[in-house]
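The values are calculated or read from the model by the stated rules, or taken from the named source; none is laboratory data. Treat the numbers as computed from the prediction; the structure is a model and nothing was measured. Cβ: placed from backbone, ideal geometry, glycine included. Neighbour counts: every protein chain shown. In case anyone asks, the SASA skips ligands and DNA or RNA and just uses the protein heavy atoms, side chains included. Shrake-Rupley method; radii C 1.70, N 1.55, O 1.52, S 1.80 Å.
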Amino acid sequence: MKKFGRILSVVLCFVMLLAFAACSKAPEKTDDTGLKTVESGKLIMATNAAFPPYEYYEGDKIVGIDAEIAQLIADKLGLTLEIADIEFDSIIPGVQQGKYDMGMAGMTVTDERKEKVSFSDSYAKGVQVVIVKTGSEIKSMDDIDGHKIGVQQGTTGDIYASDTPENGGYGEESVVRYANGALAVEGLKSGKVDCVIIDNEPAKAYVAANEGLEILEGTWVDEDYAISFAKDNTALQQAVNDALKELIADGSVQKVVDKYIKAD
Ligand code: ARG
């Protein structure tokens with residue numbers, strides 16, 4: 001009986017040791033890179049992959065400028081990139097709640113967003129433009145008023161267009177919100193909206209891929225694209241930003257951009 005007791009206590013000690021080892025590891029969540037990420041060894045990027053040339057599907061793979069820059073960053077940090085395709089307006093809440101390590105989605109830096117997340121340096125510029133059907137009665141920006149405007153829900157195009165006329169918008173009731181840019185363009189083609197306000201490069205891609213659409217002269221607002229992080233994960237934000245800075249300095253970012261955007 002005594003012997004059995006001794007064996008039992010050895011086994012118990014062992015179990016407790018194991019349990020202790022498991023517990024002491026879990027809350028740390030840092031890996032060999034010293035970075036805190038959602039899953040050890042991974043860099044999980046949230047995006048909305050209906051935004052060519054920044055992120056879109058080629059078969060079942062998400063490709064594009066953001067996907068490639070993120071891959072270069074992950075390589076530099078020794079992390080495995082994983083891309084989550086979600087609704088655009090779920091990206092910031094998801095990053096804030098720590099479901100994703102970063103948001104990268106041709107996302108414009110705005111003061112409101114800065115209150116919720118922190119941003120990297122900017123790696124690209126965007127402008128909002130207007131797509132219409134060829135022959136539309138909207139011939140210039142001045143003709144938009146009184147028409148239905150399609151936007152991607154939660155984007156800067158949505159925010160600016162649905163603002164009041166005093167603030168340069170067209171009012172909430174003029175705006176029809178779509179889950180993504182591709183659906184907004186479908187809405188334009190089928191006549192549910194009279195124009196679509198969206199970022200310049202995706203606009204060019206949609207016009208190239210669809211007959212009978214064109215972009216109006218002129219641009220609306222100039223914007224900076226950057227990567228977003230949870231405010232409390234400054235180590236990751238800094239590490240990614242340092243990697244990004246190097247990739248900008250050595251021309252790698254420009255190389256990716258040139259691969260996807262041909263000079264006109
Ligand atoms: N630049 C705009 C914004 O930040 C639109 C971005 C949409 N991006 C996307 N991947 N769908 O609001």
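Looking across region 235-264 at every residue that is of a type in the set (S, T, N, Q) and under 12 Å from S120 (Cβ atoms), the one that is most open to solvent (accessible area, probe 1.4 Å) is identified as Q238.
Can you tell me which residue within region 206-222, out of those that are hydrophobic (A, V, I, L, M, F, W, C) and open to solvent by 30 Å² or more (accessible area, probe 1.4 Å), is modelled with the lowest pLDDT? Ranking the qualifying residues of region 206-222, first place goes to W220.
The set of residues in region 118-164 that are open to solvent by 50 Å² or more (accessible area, probe 1.4 Å) and within 11 Å of the ligand (Cβ to nearest atom) comprises K125, Q153, I159, Y160. Within region 189-244, how many residues are within 16 Å of the ligand (Cβ to nearest atom) and either under 21 Å from the mean Cα position of the chain (by Cα) or aromatic (F, W, Y) (or both)? The qualifying residues number 21.
Taking every residue in region 224-236 that is closer than 19 Å to L81 by Cα and pairing it with any residue that is open to solvent by 60 Å² or more (accessible area, probe 1.4 Å) and of a type in the set (A, V, I, L, M, F, W, C), at least 6 positions away or on another chain, yields no pair with a Cβ-Cβ distance below 7 Å. For region 95-110, a residue qualifies if it is within 9 Å of the ligand (Cβ to nearest atom) and assigned to a loop (DSSP other than H, G, I, E, B), and the qualifying residues are M104, A105, G106, M107, V109, T110. S40 passes every criterion in (1) within 11 Å of the ligand (Cβ to nearest atom); (2) open to solvent by 30 Å² or more (accessible area, probe 1.4 Å) apart from (1). So in region 79-94, with the set limited to residues that are part of a helix (DSSP H, G or I) and within 13 Å of the ligand (Cβ to nearest atom), which one is surrounded by the fewest Cβ atoms within 10 Å (Cβ to Cβ)? This residue is D89.
Results for (1) in contact with a helix residue (DSSP H, G or I) (Cβ under 6 Å, 6 or more places away or on another chain); (2) at pLDDT below 95; (3) of a type in the set (V, I, T); (4) closer than 18 Å to Y54 by Cα, shown as yes or no for each residue.
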| residue | (1), (2), (3), (4) |
| --- | --- |
| A74 | no, no, no, yes |
| A84 | no, no, no, yes |
| P93 | no, no, no, no |
| M102 | no, no, no, yes |
| E115 | no, no, no, no |
| S118 | yes, no, no, no |
| A124 | no, no, no, yes |
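On inspection, I138 does not qualify as out of contact with any His (no Cβ under 7 Å at 6 or more places or on another chain) and under 19 Å from S190 (Cβ atoms).
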